[in-house]
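In what follows, a single structure is set out as structure tokens and then discussed.
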Amino acid sequence: MYAIITVVGKDKIGILSAVCTFLAQKNINIEDISQTILQGDFIMIMRVDVSQCTTPLAEVAVEIAAEGKTLGVDITLRHEDIFNAMHNV
Amino acid sequence: MISKIDVLDTVNMIRSQHLDVRCITMGLSLFECIDADPTRCAAKVYDKIVRSAKDLVKVGDEIADIYGIPVVNKRVSVTPISLVGQASGGYLEIAGALDRAAKETGVDFIGGYTALVQKGMSAQERAFLATIPEALSSTDKLCSSVNVASTRAGVNMDAIYLMGQAVKRAAYLTRDKGSIACAKLVVFANAVDDNPFMAGAFNGIGEADKVINVGVSGPGVIKAALEQVNGDLTEVAECIKRTAFKVTRVGQLVAKEAAARLNANFGIVDLSLAPTPAVGDSVAWILEEMGLSRVGCHGTTAALALLNDAVKKGGVMASSHVGGLSGAFIPVSEDIGMINSAAAKGITLDKLEAMTAVCSVGIDMVAVPGDTTAETLSAIMADEIAIGVVNNKTTAVRVIPVEGAKAGDMVEFGGLLGRAPVMPVNAGSAERFIHRGGRVPAPIHSNKN
């Protein structure tokens with residue numbers, strides 16, 4: 001089971017490190033990652049494998065959003081199916 | 001991997017353009033609760049709803065967290081109570097049980113205090129209609145609807161007159177709250193069995209025991225997409241179709257997931273564009289983005305017809321079962337663009353009526369002066385119902401004669417119901433027409449067999 005994480009906010013040192021540490025603690029493996037700076041905003045998109053994670057996905061989504069608040073960036077985690085549904089026929 | 005642009009597109013739709021799942025509605029059959037003893041019937045109704053829908057809110061919230069999309073309302077719709085309560089006649093006792101069950105399960109609304117009287121009424125159904133004002137004014141979450149006409153049956157004008165009186169009475173009973181009971185009462189032509197939207201939701205008699213129907217929304221998403229289109233109206237229609245497809249796919253995903261988790265049948269996805277009073281969530285603003293200076297001006301009906309058709313075409317392919325009302329809603333009090341136009345006298349009741357000929361659903365959330373007579377209210381209903389019957393579509397009237405209010409006043413309903421400028425009604429009288437009563441014969445094109 002895969003999820004997509006987005007991180008959007010002002011770029012600063014340690015964002016990637018903090019997100020990766022959080023995911024490692026949850027037993028979530030990063031499958032793909034891309035990052036870019038768009039109009040001054042740091043934008044990172046990750047595809048992660050959540051099948052080994054024992055915490056329910058709904059709770060992980062809430063926790064990672066809170067982690068984002070601590071870091072001062074906007075982090076979302078969504079089940080991959082919503083993106084597949086909207087963009088793949 | 002899904003492209004970066006697509007990911008950001010989805011995130012942006014949800015975060016900035018108000019894409020949400022407007023409602024997950026659980027339809028429940030209550031036929032097994034019929035009992036000649038009113039207290040026993042009410043108890044069975046309460047038990048069945050609480051037993052069946054106890055996890056509805058929890059599941060709705062879980063799905064919202066997993067997919068990162070707001071599920072704004074969780075609702076229950078039930079078998080028309082005029083049928084469930086006919087053996088006992090204890091309609092008001094059942095109304096109380098429905099309201100308590102809604103509160104116990106934590107759902108936002110419960111619909112189905114409903115009668116289907118398009119062709120005629122039994123004495124019990126007549127008695128049921130008389131209980132509607134009290135049922136709505138003595139409960140908080142209960143919604144009521146009455147189907148007074150269909151293309152196959154014609155128009156039951158006796159029922160329309162009774163509903164004019166019921167709306168008047170409901171307004172009076174909740175006179176200290178802006179006549180709010182009328183916001184929970186819909187009069188229909190060609191009512192549908194699987195509508196997830198309130199106040200008109202009920203679980204039709206041909207429906208399964210436990211069904212999940214989902215209503216999606218997203219006027220803000222369509223408005224934002226159209227901001228990028230500078231081409232002709234064919235390009236406008238194509239853009240709406242593409243966007244409606246994406247929105248409806250979310251509804252399909254949520255409906256299937258909710259049905260599986262709640263051990264219920266997947267009913268339908270209703271791909272209506274439902275506005276809210278929030279800035280950026282307006283159907284009127286889509287029409288204005290197409291090129292109208294203000295909704296209600298000449299050209300509005302044409303723009304709405306294009307929008308409604310394109311939404312259907314985009315949505316139909318996105319879901320395995322499309323149903324409900326599926327189109328663009330134009331409730332006045334729930335749409336910031338409509339509120340602004342009505343307040344500036346840019347849109348009239350007559351123009352609204354014309355618009356309903358090309359969209360779902362009807363004269364919706366329109367406040368009129370408190371001294372509007374039951375006969376005039378009935379005549380407003382009759383006009384709207386005639387449009388539905390002749391055009392073979394669902395139409396509805398949810399009109400609020402706000403006690404003590406005059407044309408031009410502003411009435412606050414709060415929450416999703418918004419606020420409404422009181423619109424003037426025509427000063428002429430249809431009293432003699434309404435008092436004639438009887439049944440308007442079904443139109444010629446209803447004879448299809």
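The values are calculated or read from the model by the stated rules, or taken from the named source; none is laboratory data. Small disclaimer: the values here were computed from a predicted structure and weren't measured. When we count neighbours, we look across all protein chains shown, and the Cβ atoms used for this are built from the backbone with ideal geometry, even at glycine. Remember, those area values only see protein heavy atoms, side chains included, never the ligands or the DNA or RNA. Shrake-Rupley method; radii C 1.70, N 1.55, O 1.52, S 1.80 Å.
Using a probe of 1.4 angstrom and keeping all protein chains present, the accessible surface of the protein assembly as shown works out to 38 square angstrom per residue. When the helices of chain A are scored as -39500 (n - 2.57) per DSSP H run of n ≥ 4 and the total is divided over every residue, the value at 222 nm lands at -11000 deg cm²/dmol. Backbone phi angles across the range A:66-76, fed through the Karplus curve with coefficients 6.51, -1.76 and 1.60 (θ = phi - 60°), yield HN-Hα couplings of 5, 4, x, 4, 4, 7, x, 10, 9, 10, 10 Hz in residue order; Gly and Pro are listed as x. Highest mobility in the GNM of chain B, judged by mean-square fluctuation with C-alpha springs under 10 Å and restricted to B:THR79, B:THR248, B:THR234, is found for B:THR234.
Amide H contacts for A:ASP74 (H built 1.01 Å from N in the peptide plane; partners 5 or more residues away or on another chain; cut-off under 5 Å): A:VAL8, A:GLY9.
Looking at the range B:50-134, the trypsin sites (Lys or Arg not before Pro) that sit in a DSSP loop and have at most 15 other Cβ atoms within 10 Å of their own Cβ are B:LYS54.
Annotation: the antiparallel percentage among DSSP beta bridges lying fully within the protein assembly as shown is about 55. Of the three principal axes defined by the Cα atoms of the protein assembly as shown, the extents in descending order read 77, 55, 51 Å. Its Cα gyration tensor gives the range B:218-434 an equivalent ellipsoid, and the semi-axes of that ellipsoid, as √(5λ) in whole Å with the largest first, are 30, 20, 17. For chain B, modelled as a GNM whose springs connect Cα atoms under 10 angstrom apart, the maximal fluctuation among B:ALA374, B:ALA135, B:ALA302 occurs at B:ALA302. Computed from the alpha carbon positions, the gyration tensor of chain B leads to an equivalent ellipsoid with semi-axes of 32, 28, 20 Å, biggest first.
Remark: mean inter-chain Cβ contacts per residue of A:57-65 equal 3, using a 10 Å Cβ-Cβ cutoff to other protein chain atoms. Peptide B:66-72 is shielded by partner chain Cβ atoms: per residue, an average of 5 of them sit within 10 Å of its Cβ. Between amide H atoms placed 1.01 Å from N, distances below 5 Å from B:ALA405 occur with B:GLY370, all of them 5 or more places distant or on a separate chain. Here the Karplus relation 6.51 cos²θ - 1.76 cosθ + 1.60, evaluated at θ = phi - 60°, turns the backbone of the range B:148-153 into coupling constants of 9, 6, 8, 4, 6, 9 Hz, with x for every Gly and Pro.
Under the criterion of Cα pairs below 8 Å and six or more residues apart, the relative contact order for chain B equals 17 percent. Under a Gaussian network description of chain B, with springs only between Cα atoms under 10 Å, the residue in B:GLY251, B:GLY120, B:GLY404 that fluctuates furthest is B:GLY404. Applying the Karplus relation 6.51 cos²θ - 1.76 cosθ + 1.60 with θ = phi - 60° to the range B:354-368 yields 3J(HN,Hα) values of 4, 4, 5, 6, 10, 9, 8, 10, x, 6, 10, 6, 9, 8, 10 Hz, where x marks Gly and Pro.
Span-like helix criteria (full DSSP H runs; alpha carbon extent of at least 30 Å along the helix axis; mean Kyte-Doolittle hydropathy of at least -0.5) are satisfied in chain B by B:233-261. Here the contact order of chain A, divided by its residue count and restricted to Cα pairs under 8 Å and six or more residues apart, works out to 40 percent.
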